[in-house]
Every structure is written in C-alpha cells, then in structure tokens.
Amino acid sequence: DFAPQLAQLQQQARRRRRVAHASACSTQLQVDGVDYLAFASNDYLGLANHPQLIAAAQAGAARWGVGAGSAHLVAGHSLAHEQLERRLAQFVGLADALLFATGYMANLALITALLGRGDAVFADRLNHASLNDACLLARADFKRYPHNDLQRLESLLAASKAPRKLIVADAVFSMDGDLAPLDALLALAGRYDAWLYLDDAHGFGVLGAHGQGSLAHWRLQSPRLIYMATLGKAAGVAGAFVAASADLIDWLVNKAHTYIYTTAQPPLLAEALMQSIELIEHEDWRRERLTSLIVQLRQGCADLPWRLLPSPTPIQPLQVGSSEAALDLAAGLRRQGIWVPAIRPPTVPDGEARLRISLSAAHTPDDVERLLAALQDLGQRALA
Ligand SMILES: *Cc1c(COP(=O)(O)O)cnc(C)c1O
C-alpha cells in the first residue's frame, strides 16, 4: 500500500506531479488554457520546434516509415543512423560514434561495458542520476568525490589498486550549470592511468565556437577521453551518442546491453538530427543570443533576496533553500504568467531546492525582462 508513503512525500513537499501541457516545445507553455512564458526546457538553441527539423522528420518518415522495426544488430540499423554517427564523430573530433535511444541508456552502456567487479569508478557527487545508476550496475568499486574537489579525487585515485579506473563527470552540471574542470580531470587521468568519461548533455550545441561541445571549449584531445552527449536537449530531438576510438565503439556494439537489446531509434529522428547538426554548426547567432541573455539575467538578479548560483551556461539556478519555499516561489511566478520549475531533493542536495531557470535562444530580451520584473516584485514581497 503506497498511500502512506505518498502522503509522507506530500508532507515533505517532495511529491512530484506531472503537468500535461498543450503546446509544442517553445518558450510558451499552455496549461489548462492559460499561456505561460516558460524558462523550463533544455531546448537551449530553440531547435525542438524548428521548421527545418520538422520538414526533415517528415521527409524521413516518408522515406523510412515510422519505426526502426528491430534492434541495430538485428535489422534496425539504417543508412540514416550510419550517416548520423559519422557526422557526430567528425563534429566532436573523435574517431567513431555510436547512437543510443536515450542518454540514460548511453550512460548505462558505456560504464557497464567498460567496468566490472574489481575495477574502480570515481564520480563527482553532483553527477546525473543515470551515471550513478550505471556505476552501481557495473558492480565496480564506486567512489564519489565532493563536487569538483580535485584534491579529494586525486587522493582516491592514488589509493586505488584497481586494474581499470574510470573518472566520470558531467561536463556541465545539470542542476547547477557550472563546468567540470576538464583540463585538470584529464591531467589526473593521465597521472593515474585512468579513463575520463564525460557526459556533455548540457554542453553539446551550447559550448565550443560552433557548438561542438565541451571538448572544443576546453580544446582537449586524448586517447583517454570517452565522450557522450544527448540529442534531446540543445539538438532538439531525442537520443544520444558515445564518441571514442573505433575499437571502443566496436566493443560497445558487442557488449553494451542497452545498445544490443533495444529497438533502434526511428531513422526519421536521425534525419531530423542531421538537419539539427547543420543548424548547430552554422547558426552561431543562437549561441551569441544565449550569451547576451545570460548576462542580462545575471545582472538583473544581483539584488534579489535569493542567490543566483555562478553559472556561465543557460542553466541559471536561483537557490531558494527549502522545498516549500521553492514551490512557493514557482507558484508566485506562475500567478504572474511565468513557468519556472522548482527542483527539489533528491534531485539536488537537502536544503538546496532551487528554481532552475533555463534560457533558450528562442527567448527574447523582453522575455528575460518580464522574468526579472516578476522576480523583483516577489523579492520585495518576501522582504516586506
Ligand atoms: C538529461 C541527461 C541525461 C539523460 O539523457 P536522456 O537522453 O534524457 O535520457 C544524462 N546525463 C545528463 C547530465 C542529463 O542532463
């Protein structure tokens, strides 16, 4: 009987409820017939509803049908998937790439295919839940270090006698928006003979001169690097890929359960993604727009009673504290026609509930101004 447990979640302000909306992904969210200005999606470049992606998906459906029909190793692997994998590998500067249906599955795949009992994995405490689940599933020795604490990481690495070591981090942290120090992580990987696996779900498309992601941003190249990015965030569609050496990709094709035992992503999505990569690479204005919106938002939040955590990315977390206070602030914004999600434990640590403001190139400076005016109004009332 789950009723008492659900009631307890309710009492702790931790019960989650879904809201069904009636809008295509954009900066507007229509809920119960009301239009809200939304700062809620991970569609950072505004591509999820782009006419060229829609046209590519439609042409892809006409060419390939709707479903892939089977797993990649059975008969689900199309030329559309193959072409996209080559394009992605070339775009991020690695030898080869492998497509997955979701980022969650890509993380499970890589970590379980690389590590087993007796191996060791070193993970940032703020890593995404899918990475943590993957580490547990791999049955490796699972060591977590405090967020971006390189000294602690180094002492854990130095103490490990595991035959295979893997350092795992979000390249951009999903609820904080800050970056992992990839240059320092790679140096430690070299010193202690470890692999470095980077989850760039929030950097791909956003960072790097043309959106190639965190490796380009940090100008990193190394045979120790294994890269993963998702395709449902800035790329605006769905899916994910791992990029690495050709041998490692071949190993995943042979060993990764979440690649082998699941139906291939519909090829029409691969067609939409080819178009998405074109726009990511060539429309630098989307990243320039994001940069100016980030500056505008951060300046406008300077004297609010809540702290905007330091973040150079479109993820701008306004730290509130308790779950109740975060829900109250989100409700206050909603009364002013603005939708910003409150993020509560266990997604973030206890006492660190926040509003996760996410910006998109589809937002205008006026949109950000409206959000700032509403926050200032609620801030004054909170202080009064
Ligand atoms: C969203 C996300 C994932 C999961 O990707 P999906 O494609 O949504 O399954 C993995 N890692 C991070 C850091 C994410 O933010």
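The values are calculated or read from the model by the stated rules, or taken from the named source; none is laboratory data. This one's a predicted model, so the numbers in the text were calculated from it and none came from an experiment. Neighbour counts are summed over all protein chains in view; Cβ atoms, including those assigned to glycine, are modelled from backbone coordinates with ideal geometry.
Search region 319-352 for residues being touching a Lys or Arg at 6+ places or on another chain (Cβ under 6 Å) and closer than 22 Å to A234 by Cα, and hand back the single one that is surrounded by the fewest Cβ atoms within 10 Å (Cβ to Cβ).
It comes out as P341.
Would you point out which residue out of A48, A55 is over 24 Å from P346 (Cβ atoms), touching a Cys at 6+ places or on another chain (Cβ under 6 Å), among the hydrophobic types (A, V, I, L, M, F, W, C) and modelled with pLDDT of 95 or more? Even if it seems obvious, please write down each step before you answer.
Numbers: A55 fails: touching a Cys at 6+ places or on another chain (Cβ under 6 Å).
Result: A48 is the single residue among A48, A55 that is over 24 Å from P346 (Cβ atoms), touching a Cys at 6+ places or on another chain (Cβ under 6 Å), among the hydrophobic types (A, V, I, L, M, F, W, C) and modelled with pLDDT of 95 or more.
Limited to region 287-314, what total is found for residues that are without any contact (Cβ under 8 Å) to a residue 24 or more places away in the chain and in a helix (DSSP H, G or I)?
5
Just checking, which of A270, A256 is under 28 Å from Q58 (Cβ atoms), modelled with pLDDT of 95 or more, within 16 Å of the ligand (Cβ to nearest atom) and of a type outside the set (D, E)? So that I can check it myself, show each step before the final result.
Working: A256 fails: under 28 Å from Q58 (Cβ atoms).
Of A270, A256, the one residue that is under 28 Å from Q58 (Cβ atoms), modelled with pLDDT of 95 or more, within 16 Å of the ligand (Cβ to nearest atom) and of a type outside the set (D, E) is A270.
Hey, can you tell me all the residues within region 34-68 that are closer than 24 Å to A373 by Cα and either of a type in the set (K, R) or out of contact with any helix residue (DSSP H, G or I) (no Cβ under 8 Å at 6 or more places or on another chain) (or both)?
V34, D35, A38, A40, S41, N42, D43
How about region 111-187: which strands (runs of 3 or more DSSP E) wholly inside it have at least 3 residues that are modelled with pLDDT of 95 or more and either crowded, with 20+ Cβ neighbours inside 10 Å or of a type in the set (G, A, S) (or both)? Before the answer, list the steps.
Numbers: elements: 120-124, 141-145, 165-170.
The strands (runs of 3 or more DSSP E) meeting that bar are 120-124, 165-170.
Given the condition touching a strand residue (DSSP E or B) at 6+ places or on another chain (Cβ under 9 Å) and more than 30 Å from R15 (Cβ to Cβ), answer yes or no: does some residue in region 300-310 qualify? Steps first, please.
Just the residues of region 300-310 that are touching a strand residue (DSSP E or B) at 6+ places or on another chain (Cβ under 9 Å), to begin with: 301-302, 304, 306-309.
With more than 30 Å from R15 (Cβ to Cβ) added as a condition, the list becomes 302.
Yes: region 300-310 contains one or more residues that are touching a strand residue (DSSP E or B) at 6+ places or on another chain (Cβ under 9 Å) and more than 30 Å from R15 (Cβ to Cβ).
Residues in region 344-353: is at least one in contact with a Leu (Cβ under 6 Å, 6 or more places away or on another chain) and either in a loop (DSSP other than H, G, I, E, B) or of a type outside the set (S, T, N, Q) (or both)? If you could, list the steps in order and put the result at the bottom.
As a first pass, look at region 344-353 and keep what is in contact with a Leu (Cβ under 6 Å, 6 or more places away or on another chain): none.
No, the conditions are met nowhere in region 344-353.
Looking only at region 87-107, decide whether some residue is touching a Pro at 6+ places or on another chain (Cβ under 6 Å) and of a type outside the set (F, W, Y). So that I can check it myself, show each step before the final result.
The first filter runs over region 87-107 and keeps only residues touching a Pro at 6+ places or on another chain (Cβ under 6 Å), leaving none.
Within region 87-107, none of the residues are touching a Pro at 6+ places or on another chain (Cβ under 6 Å) and of a type outside the set (F, W, Y).
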